[in-house]
Amino acid sequence: MPNRKFAEGEVVRGRWPGSSLYYEVQILSHDSKSQLYTVKYKDGTELDLKESDIKPLKSFKQRKSGSTSSSPSRRRGSRSRSRSRSRSPGRAPKGPRRSASASHQADIKEMRREILQVKLTPLVLKPYGNSIHIYNGDPERVERNDVSHKNKQESVILPPEVSSIATQYSLRPRREEVKVKEIESKEQNLVSRVPAPLETFQASTVQRKDLEFGGVPGALLVMLGLPAFLLLLLLQCRQKDPSLLSFPPPLPAVDDLWETRVCAVYLLWVFVQALFYLLPIGKVVEGTPLVDGRRLKYRLNGFYAFVLTSAVVGASLFWGVELCYLHTHFLQFALAATVFSVVLSVYLYARSLKAPRGELSPASSGNAVYDFFIGRELNPRIGAFDLKYFCELRPGLIGWVVVNLVMLLAEMKVQERSAPSLAMILVNSFQLLYVVDALWNEEALLTTMDIIHDGFGFMLAFGDLVWVPFTYSLQAFYLVSHPHDLSWPLASVIVALKLCGYVIFRCANSQKNAFRKNPADPKLAHLKTIHTSTGKSLLVSGWWGFVRHPNYLGDLIMALAWSLPCGFTHLLPYFYVIYFTVLLVHREARDEHQCRRKYGLAWEKYCLRVPYRIVPYIY
């Protein structure tokens with residue numbers, strides 16, 4: 001394996017793709033397999049460059065300082081070469097002799113031409129904000145993600161310095177005649193626009209990251225506020241009158257919040273799910289490439305774990321196990337899960353301190369409080385046991401279904417019913433479909449932001465193990481003490497709404513996952529795309545031409561369908577809709593930020609083609 005020439009964090013000069021322009025960039029990482037360097041330009045653009053497209057910064061400094069002290073033979077060679085060329089528009093008329101200043105000016109021009117010259121193939125420049133579109137002379141059209149893009153339009157995002165140069169120069173063919181005075185004035189302006197010094201660029205590249213969730217104070221507030229808010233939410237739901245007028249609910253005694261037996265049952269539940277996770281059943285797939293080029297392997301057996309869990313729960317009912325114990329000790333189980341998530345978060349942060357730099361999350365900041373919240377290590381594993389991947393779908397998501405089933409049994413017991421209510425059946429059925437769909441399409445989880453970007457810390461640990469099973473089941477918990485008789489016509493409308501949301505959600509996700517796996521699939525030939533500088537393409541037709549996040553739209557519709565069976569007596573059952581709306585808007589904002597930074601001008605074009613974010617006709 002060849003040795004690396006440049007180290008991570010080193011500031012060098014990188015060639016802009018498709019041109020001879022070199023700009024100061026910072027080395028972010030190196031792929032040992034493809035031998036490509038991931039670099040970052042001043043404007044935040046990240047690209048993969050070959051080693052041949054990267055030059056040390058000192059070589060440019062030497063050339064800049066050595067322009068006036070070049071050897072006579074080199075100057076003579078430059079003059080001899082210039083005589084062999086045809087006259088270019090930017091060169092002054094020949095004279096009998098050249099003064100020293102003229103020679104110096106020629107050397108400056110030659111150096112500028114060598115460093116900053118763009119290949120003058122017949123191109124058409126179209127300004128777009130602070131960026132420049134370059135086309136091969138063809139009319140603007142939407143690109144297809146085909147095998148070859150050489151004869152199609154190419155969209156290049158130029159850094160700010162090139163944009164300023166391009167606005168001064170119209171890149172016309174060399175054979176066109178241009179007045180000498182105009183060229184000289186432009187050359188003078190070019191010399192005045194010297195790139196920023198190394199210190200300025202280094203200061204800009206080591207700026208502190210933009211922290212999400214309000215930074216350190218916001219992360220601390222979330223960590224302290226969410227457990228307390230969950231407790232108040234469950235206490236409010238247990239009251240006879242759960243309206244806002246009776247908020248806050250009376251706090252229970254400490255003995256009613258903690259019970260050792262409950263903690264043992266919860267640990268047993270996590271242990272059983274861990275055993276199901278380790279079973280050698282289900283196919284093994286590779287995740288997305290990591291910074292070092294590796295691909296972690298994941299065993300997809302979540303649906304099998306759900307089937308085994310269902311068999312265990314069914315056997316428990318057959319043997320007469322009192323599952324309503326979960327309902328009567330619901331607060332204790334929520335607190336036990338909270339304590340477990342905090343202990344797990346402490347362990348995750350402690351082990352991340354010894355993790356190599358290449359295994360850290362892109363979202364980590366270096367601040368202890370924020371990293372404890374957002375997660376410092378990207379893929380913490382104990383051998384082949386992936387802690388984050390396990391918690392994403394197993395104890396919490398499958399536990400959500402078990403909690404709903406227990407609430408159905410508790411409703412029959414508390415309200416002395418021989419059969420569950422229609423509202424409870426709809427809530428259980430809707431949410432069961434959602435969970436089964438997630439487990440059946442388990443592989444799609446590997447391309448989500450949770451897996452490829454966020455570390456595993458308190459945010460995901462508490463969200464997966466506590467928030468999902470104990471707040472997503474709020475409708476079922478509400479119906480136990482607050483029955484609601486639902487008519488069949490209204491139930492039919494709610495079922496239709498649920499199916500509409502599910503179709504949008506599933507079709508949009510399936511289309512996205514199929515395109516990510518194989519963009520050249522003939523089944524996707526009818527879809528239009530926009531090619532990006534990263535080599536990937538953005539869908540601008542189908543479901544993803546309808547709104548930017550059609551899957552989020554489906555989520556919102558399904559969330560509303562889950563809450564409608566509870567009626568309109570109180571606002572509490574609709575907390576999930578409010579929360580889900582805020583969550584999806586936040587996730588959409590995070591996606592926007594990541595895509596804008598990653599795809600640059602291509603994302604701007606996509607936003608013009610698809611202006612609506614989540615809901616059509618609402619920006």
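Taking the Cα-to-Cβ direction at His586 and at Lys598 and moving 7 Å from each Cα, how far apart do the two end points lie in nm?
2.1
Quick one: if you stick a label point 7 Å off each Cα along the C-beta vector at Asn513 and Glu10, how many nm between them?
Rounded to a tenth, the inter-label distance reads 4.2 nm.
Using +1 at the C-beta of Lys and Arg and -1 at the C-beta of Asp and Glu, which of Val270, Leu308, Phe318 has the Cα lying farthest in the positive direction of the dipole of the stretch 211-322?
It is Leu308.
Could you pull out every residue, at least 5 positions away or on a different chain, whose amide H is within less than 5 Å of the one on Leu36? Hs are placed 1.01 Å off N in the peptide plane, and Pro or chain starts have none.
Sorted by chain and number, the residues that satisfy this are Asp31.
Taking H placed 1.01 Å from N in the peptide plane, check which residues at least 5 places from Val25 or on another chain put their amide H under 5 Å from its amide H.
HN-HN under 5 Å from Val25: Val12, Arg13, Gly14.
With θ set to phi - 60° and the Karplus curve 6.51 cos²θ - 1.76 cosθ + 1.60, what are the ³J(HN,Hα) couplings of the stretch 212-221 in order, to the nearest whole Hz, using x for Gly and Pro?
8, 6, x, x, 5, x, x, 5, 5, 5
Let me check I've understood the local charge: for Ala219, count other residues with C-beta under 10 angstrom from its C-beta, Lys and Arg +1, Asp and Glu -1. What total comes out?
Combined, the nearby Lys, Arg, Asp and Glu give -2.
Do any GluC sites (Glu not before Pro) in the stretch 396-449 lie in a loop, going by DSSP, with at most 10 other beta-carbon atoms within 10 Å of their beta carbon, and if so which?
Within the stretch 396-449, the qualifying GluC sites (Glu not before Pro) (loop, at most 10 other Cβ atoms within 10 Å) are Glu416.
Just want the answer: with Cβ charges of +1 for Lys and Arg and -1 for Asp and Glu, which residue in Pro356, Ser487, Tyr472 is farthest toward the dipole's positive end in the stretch 355-498?
Farthest along the dipole direction, towards plus: Ser487.
Given Cβ point charges of +1 (Lys, Arg) and -1 (Asp, Glu) and nothing else, what value in debye, to the nearest 20, does the dipole of the stretch 458-539 about its Cα centre take?
In total the dipole reaches around 540 debye.
So what J values fall out for the stretch 555-564 if you push phi through Karplus, 6.51 cos²θ - 1.76 cosθ + 1.60 with θ = phi - 60°, rounded to Hz, Gly and Pro as x?
Listing the rounded values in order: 4, 5, 5, 5, 4, 5, 5, 5, 8, 4 Hz.
Using a 1.4 Å probe on the protein heavy atoms, what percent of the accessible area of the stretch 377-501 belongs to carbon and sulfur?
69
So, for the stretch 200-345, what is the accessible surface per residue at a probe of 1.4 Å, expressed in square angstrom?
The answer is 58 Å² per residue.
Short version: ³J(HN,Hα) in whole Hz for each residue of the stretch 487-492, in order, from phi by Karplus 6.51 cos²θ - 1.76 cosθ + 1.60 (θ = phi - 60°), x for Gly and Pro, what are they?
After applying 6.51 cos²θ - 1.76 cosθ + 1.60, I find 7, 5, x, 5, 4, 5 Hz.
For Val272 and Leu28, FRET efficiency with R0 = 45 Å and r from the beta-carbon atoms, rounded to 0.05?
0.60
If I stretch the segment between Glu286 and Leu353 completely, what's the gain in nm (0.36 nm per residue apart, minus their alpha carbon distance), one decimal?
In short, 21.5 nm is gained.
Please state the charge dipole magnitude for the stretch 408-515, taken about the Cα centre, from unit charges on C-beta atoms (+1 on K and R, -1 on D and E), reported in debye and rounded to the nearest 20.
280
Chymotrypsin sites (Phe, Trp or Tyr not before Pro) within the stretch 502-598: which are DSSP loop residues with at most 13 other Cβ atoms inside 10 Å?
Hits after loop and neighbour filter: Phe568.
Students often get this wrong: which residues of the stretch 557-593 have the backbone nitrogen under 12 Å from the point 7 angstrom along Cα-to-C-beta of Leu490?
564-570
Would you mind checking Lys523/Lys605; Lys40/Lys283; Lys58/Lys598; Lys5/Lys388; Lys55/Lys388; Lys388/Lys512 for any pair whose Cα atoms are more than 32 angstrom apart?
Lys40/Lys283; Lys5/Lys388; Lys55/Lys388
Enumerate by residue number the trypsin sites (Lys or Arg not before Pro) in the stretch 377-475 meeting two conditions: DSSP loop (anything except H, G, I, E, B), and at most 14 other Cβ atoms within 10 Å of the site's Cβ.
Sites meeting the loop and neighbour criteria: Arg417.
The values are calculated or read from the model by the stated rules, or taken from the named source; none is laboratory data. It should be emphasised that the depicted structure is a prediction, and the values quoted were computed from it without experimental measurement. Using ideal geometry, Cβ is built from the backbone for each residue, glycine included, and neighbour counts are taken over all protein chains shown. These accessible areas exclude ligands, DNA and RNA; they are computed on the full protein's heavy atoms, side chains included. Shrake-Rupley method; radii C 1.70, N 1.55, O 1.52, S 1.80 Å.
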